[in-house]
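Below is one structure, written out as structure tokens; the observations come after it.
The values are calculated or read from the model by the stated rules, or taken from the named source; none is laboratory data. Remember, predicted model here, so these are calculated numbers, not experimental data. Cβ: placed from backbone, ideal geometry, glycine included. Neighbour counts: every protein chain shown. Heavy atoms of the whole protein, side chains included, go into the accessibility calculation; ligands, DNA and RNA do not. Shrake-Rupley method; radii C 1.70, N 1.55, O 1.52, S 1.80 Å.
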Amino acid sequence: MDMKLLYRQVIMDHYKNPFHKGLVDDKDYTTIHLHNPSCGDDVVVQVKIENDIITDVKHQGTGCSICCASSSVMSISLMNKSKIQAQNFIDEFSKLVMGLPVDEKIINNDAIVFQSVHQFPARIKCATLAWKAIEEGINKK
Ligand code: ZN
């Protein structure tokens with residue numbers, strides 16, 4: 001199995017059929033809007049936190065396939081996690097996209113496909129935009 005091809009396939013699947021896409025009009029959600037001028041990616045992330053647990057994540061945006069797919073993967077990765085677990089996942093994901101070794105007990109899902117991004121430094125910001133947004137949202141509450 002060609003891993004590069006597999007990774008590309010997973011990214012395209014999330015890009016075409018993203019999870020948790022679409023925003024809600026609900027004041028129980030914290031909304032963060034981030035922009036990546038180097039690529040033109042524009043992402044809005046909404047997070048709902050109840051008793052320290054992320055009970056819902058929403059996202060909407062326009063951008064490249066890496067950015068949009070990463071938003072989808074972020075939403076499934078952090079759903080139902082505590083704020084601390086989510087922060088750990090975000091920290092490991094930042095290492096992953098920089099090509100550093102990660103704890104695969106934490107990065108245990110489709111997020112792993114973004115490890116190829118470090119070969120394209122200009123795309124690292126694309127891959128991390130939605131994760132930076134939710135990190136801000138988590139720390140606001
Ligand atoms: Zn991008």
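Details
- Set of lysines near LYS4 by C-alpha distance (under 28 Å), chain-local residues within fewer than 8 positions excluded: LYS16, LYS21, LYS95, LYS105, LYS125, LYS132
- Charge-dipole axis of region 3-140 as Lys and Arg at +1 and Asp and Glu at -1 on Cβ define it, positive-most pick from SER65, ASN80, HIS35: SER65
- For the chain, the 222 nm mean residue ellipticity estimated from helices alone, with every DSSP H stretch of n ≥ 4 adding -39500 (n - 2.57) and the total spread over all residues, rounds to -14000 deg cm²/dmol.
- Derived scalar couplings ³J(HN,Hα) [region 104-113; Karplus, 6.51 cos²θ - 1.76 cosθ + 1.60; whole Hz; x for Gly, Pro]: 6, 6, 8, 7, 10, 8, 4, 4, 4, 5
- Coordinate range along principal axes, alpha carbons of the chain, Å, largest first: 44, 31, 24
- Simple spin-label estimate for LEU5 and LYS140 gives 4.3 nm between the two label positions (7 Å along the Cα-to-Cβ direction from each Cα).
- For ASP13, net neighbour charge (Lys/Arg +1, Asp/Glu -1) across residues whose Cβ lies under 14 Å away: +2
- Where trypsin sites (Lys or Arg not before Pro) fall in DSSP loop in region 16-108, at most 15 other Cβ within 10 Å: LYS27, LYS105
- Å² of accessible area per residue within region 21-141, as computed with a 1.4 Å probe and no ligands counted: 47 Å²
- Here region 3-140 exposes an accessible surface that is 52 percent carbon and sulfur, computed with a 1.4 Å probe and the other protein chains kept in place.
- ³J(HN,Hα), Karplus 6.51/-1.76/1.60, whole Hz, each residue of region 23-32, x for Gly, Pro: 9, 10, 9, 8, 6, 6, 9, 8, 10, 10
- In this calculation the C-beta distance from LEU23 to ASP91 is compared with R0 = 25 Å, giving a FRET efficiency of 0.45.
- Antiparallel bridge percentage (DSSP; both residues within region 3-140; nearest 5): 95 percent
- Rounded to 0.05, the FRET efficiency of the HIS35 and ALA122 pair, given R0 = 22 Å and the Cβ-Cβ distance, is 0.90.
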